[in-house]
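Written out below as structure tokens is the structure these notes cover.
The values are calculated or read from the model by the stated rules, or taken from the named source; none is laboratory data. Predicted model, so just to flag it, every value in this text is computed and none were measured. We place every Cβ from the backbone using ideal geometry, glycine too, and count neighbours over all the protein chains shown. Accessible surface is based on the protein model in full, side chains and every heavy atom, while ligands, DNA and RNA are left aside. Shrake-Rupley method; radii C 1.70, N 1.55, O 1.52, S 1.80 Å.
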Amino acid sequence: MNTILRKSVLGIAGLAFTGGVFAGPVAAHAADTTTHAVKPVSVTVQGDKLIPHGVQGNQSRIDLNDEQTANVKAIIAATKKAGMDERAAVVSIATALQESKLENLGHLGDRNDHDSQGLFQQRPSSGWGTVEQITDPEYSTTAFLKGLKQVDGWQDMPLTKAAQTVQVSAYPDHYAQWEQQAADLVAEHWNK
């Protein structure tokens, strides 16, 4: 599918559910007090694979438990297996931080946004896979990366634009706040 057609289809799909894939995880974490606002950091080192253009806006940060750290490692492993680089891992981890706070969420009942589940809050009804597949960190990451690969020039886009093109969230700018923490996690775990 060509990029213009894909963007049109994704845009229409995004309008179809104004609650967005964002609403479920946010409600689940509304009382989360471990999120810390961090001032924007400007990292504009040319050629830097982690944050090639610097971060956008205020940055958020959460403390990770063992399960969340294991999910970071699973995202990195799936990224390497897909033959993609550190920047792809940063985009993936920032997306999962926004969508689920790196928790492999099952169905959240009334707090669920449609049928969104897993690290990336992917929807079986939108063709991301079965519930069993999208709640498997390797599968869900691979599915996200497959979508990312279809975005022309994703490597040179701001993180939030690349993530939004794949995710089609009702809150497209929210991915940016996780870029620094995602880059820090990739720097910490990529070579382990």
Can you give the extra length, in nm with one decimal, that the chain gains between T69 and S125 once fully stretched, where that is 0.36 nm per residue apart less the Cα-Cα distance? 17.3 nm
Placing +1 at every Lys and Arg Cβ and -1 at every Asp and Glu Cβ, with all other atoms neutral, what dipole size does region 60-164 have around its Cα centre, in debye to the nearest 20? 300
How big is the C-alpha Rg of region 67-192 next to the rule-of-thumb value 2.2 N^0.38 Å, as a ratio? 0.95
In the structure displayed, which of K81/K146; K101/K149; K49/K73 lie more than 20 Å apart, Cα to Cα? K101/K149
Show the residues, 5+ positions off or on another chain, whose built amide H is closer than 5 Å to the amide H of G54. V43
Check which residues have an amide H placed less than 5 Å from G118's amide H, if you skip close sequence neighbours. L105, G106
Solvent-accessible area, 1.4 Å probe, carbon plus sulfur percent, for region 112-192: 48
Theoretical FRET efficiency, 1/(1+(r/R0)^6), r = Cβ-Cβ of K80 and Q155, R0 22 Å, to 0.05: 0.85
Size of charge dipole - region 118-192 - debye, nearest 20, with Cβ of Lys, Arg +1 and Asp, Glu -1, no other charges: 180
